[in-house]
Amino acid sequence: MSKFAPLVGLLALAGCACAWAGKTQNVVLIVSDGLRWQEIFQGADPLLLEAKNGGNWVEEADLKQRYWRESPQERRALIFPFIWGTVARQGQLFGNRTAGSDAHVTNGRAFSYPGYNEMSVGFPNPDINSNGFGPNPNVSVFEWLNRSADLAGHVAIYGTWDTHADIFNESRSHLVMQVGWTPPPKSGDASKDALLARMFSTTTRFDEGDLPNSFLQVELLDYVRTGKPRVMFVGYGETDNWAHQGRYDLVLESAHRTDAFIKELWDTVQGMPQYRGTTTFIITADHGRGSGPVEWKEHGVKEKGSENVWIAVIGPDTPALGERKNVAPVTQSQIAATIAALMGKDYRKDVPNAAPPIGDVLGKP
Ligand SMILES: [Zn+2]
């Protein structure tokens, strides 16, 4: 054996595409439910700024003042200043179909449970045909990561939707989980806890299963500051709910606020030594929606185009290629292995059915 053999072995290990040591130590997958790629890349839709199509209660002149400008670049930056001011400058965005970038779901259903399953498990499950499917038989990448000794207890699910407890199989996965209207854990600040408990118990519920994004944000920031998570799922639900209600003005408003919540989370972690410069965010939607004056409200096999989504990534390993144009298609199923790869783990070794990671966002080993 040559005296260089151990060195060669080491180099082979370092060169293995399965698990490489990037700078990322923490990953957050953030979803704004049912937020269309059209708004992300083109900004407010002129057809839906008209009250007869958008169901808007805000006066058209006011709404246009807030969200209408002539160019799509200006319009989208008005709704999403963090995504276009920071993520697009430091990271990458996939899914602008008018620029030759296709991001889509492969589950053939284009509604929520199949989408959350696909992105977190790495492949679609045709048995999942309803949001009321119940506990997920598939193991998500979050549950899988939580099984490794270095991450156990540091993987968390924070979502506005109570069905996330089924999607991430709370009783089997034992992930840290805070979803829907479950009362928030104590933060240690008695007056703040009392106020939050009061708001939880006295606020009229839009839906028994859906917490307002603003309530989740309070719980989320408390947990990030004290719980030291390494891998998180964060699910914001309002963009889907207001579209189903046919209120485009509130879709825009909640999309704008979601962008601000993501910025707040980004700024919070960048202010903490544990996370600064070592944290990657993946931001996406669970499905698209239809288009035109009516079908924008709904999504699924009947509403054409609901399979199209967008995926944004920002973090220390992701080359700053910005808005991707004329690139190979990416799929929702690639997200699971991408999360694992960023954490230095080879998900597909255990789950060969999972789609491969999105190589362009991983940098190079
Ligand atoms: Zn929906």
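The values are calculated or read from the model by the stated rules, or taken from the named source; none is laboratory data. Source: prediction; values computed, not measured. Cβ sites come from the backbone with ideal geometry, for glycine too, and all protein chains shown count toward neighbours.
Can we say residue 186 is free of Cβ contacts under 8 Å to residues at least 12 places away in the same chain, part of a loop (DSSP other than H, G, I, E, B) and over 29 Å from residue 36 (Cβ atoms)? Considered against the rule, which asks whether it is free of Cβ contacts under 8 Å to residues at least 12 places away in the same chain, part of a loop (DSSP other than H, G, I, E, B) and over 29 Å from residue 36 (Cβ atoms), residue 186 comes out as yes. Taking residues in segment 293-316 that are within 15 Å of residue 240 (Cα to Cα) and without any contact (Cβ under 8 Å) to a residue 24 or more places away in the chain, and partners anywhere that are within 12 Å of the ligand (Cβ to nearest atom) and part of a loop (DSSP other than H, G, I, E, B), the pairs with Cβ atoms closer than 7 Å and at least 6 places apart or on different chains are 295/303. Checking the stated criteria, residue 254 turns out to be closer than 15 Å to residue 235 by Cα and small (Gly, Ala, Ser). Among the residues making up segment 339-365, those that are crowded, with 16+ Cβ neighbours inside 10 Å and not in a loop (DSSP other than H, G, I, E, B) are 339, 340, 341, 342, 347, 348, 360, 361. When segment 200-223 is filtered for residues that are among the β-branched types (Val, Ile, Thr) and over 22 Å from the mean Cα position of the chain (by Cα), the ones remaining, listed by number, are 202, 203, 204. The set of residues in segment 221-262 that are part of a helix (DSSP H, G or I), crowded, with 20+ Cβ neighbours inside 10 Å and among the aromatic types (Phe, Trp, Tyr) comprises 242, 248, 261.
Total residues in segment 24-49 satisfying the condition of being touching a strand residue (DSSP E or B) at 6+ places or on another chain (Cβ under 9 Å), more than 16 Å from the ligand (Cβ to nearest atom) and either outside any helix (DSSP H, G or I) or closer than 29 Å to residue 350 by Cβ (or both): the figure is 7. Residue check: is residue 140 modelled with pLDDT of 95 or more, among the hydroxyl-bearing types (Ser, Thr, Tyr), more than 19 Å from residue 288 (Cα to Cα) and out of contact with any Lys or Arg (no Cβ under 7 Å at 6 or more places or on another chain)? Against the criterion (modelled with pLDDT of 95 or more, among the hydroxyl-bearing types (Ser, Thr, Tyr), more than 19 Å from residue 288 (Cα to Cα) and out of contact with any Lys or Arg (no Cβ under 7 Å at 6 or more places or on another chain)), residue 140 qualifies. Residues in segment 274-311 that are more than 15 Å from the ligand (Cβ to nearest atom) and of a type in the set (Phe, Trp, Tyr): 275, 281, 310. Of the residues making up segment 266-273, at least one is away from the ligand (no atom under 16 Å from the Cβ), part of a loop (DSSP other than H, G, I, E, B), within 27 Å of residue 215 (Cβ to Cβ) and over 15 Å from the mean Cα position of the chain (by Cα).
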